[in-house]
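Have a look at the structure below before the remarks.
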């Protein structure tokens, strides 16, 4: 019987495939982040690094096109300004995860 993490990986892989079919880069990044976390919990650090790296790549891509648009459209006090901060925070989290996993693997 598969563990909860194995089951989570199965669902996150479905999420990833659907996001890719829809060309949903944000959804793809979220699925990769979740897959990295699940693999980390199972001690599969190499796989976790692959998914975390992909998440970071997508986060940077999304940030390059969405952040400038949000800054153009919204004043700093607007509620959606928090979304910009969240994108930046997600990217920082991915960098930290890659650093930690890199220390474990090496």
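For region 30-50, how many residues are free of Cβ contacts under 8 Å to residues at least 40 places away in the same chain and in contact with a helix residue (DSSP H, G or I) (Cβ under 6 Å, 6 or more places away or on another chain)? Within region 30-50, residues that are free of Cβ contacts under 8 Å to residues at least 40 places away in the same chain and in contact with a helix residue (DSSP H, G or I) (Cβ under 6 Å, 6 or more places away or on another chain) number 9.
Being modelled with pLDDT of 90 or more and assigned to a helix (DSSP H, G or I): is that true of residue 58 here? For residue 58, the condition - modelled with pLDDT of 90 or more and assigned to a helix (DSSP H, G or I) - is not met. Kindly indicate which of 25, 44 is at negative phi, modelled with pLDDT of 75 or more, over 16 Å from the mean Cα position of the chain (by Cα) and surrounded by 12 or more Cβ atoms within 10 Å (Cβ to Cβ). On inspection, the qualifying residue turns out to be 44.
The values are calculated or read from the model by the stated rules, or taken from the named source; none is laboratory data. Quick caveat: nothing in here was measured; it's all calculated off a predicted structure. Methodologically, a virtual Cβ is constructed for each residue, glycine included, from the backbone with ideal geometry; neighbour enumeration extends over all protein chains shown.
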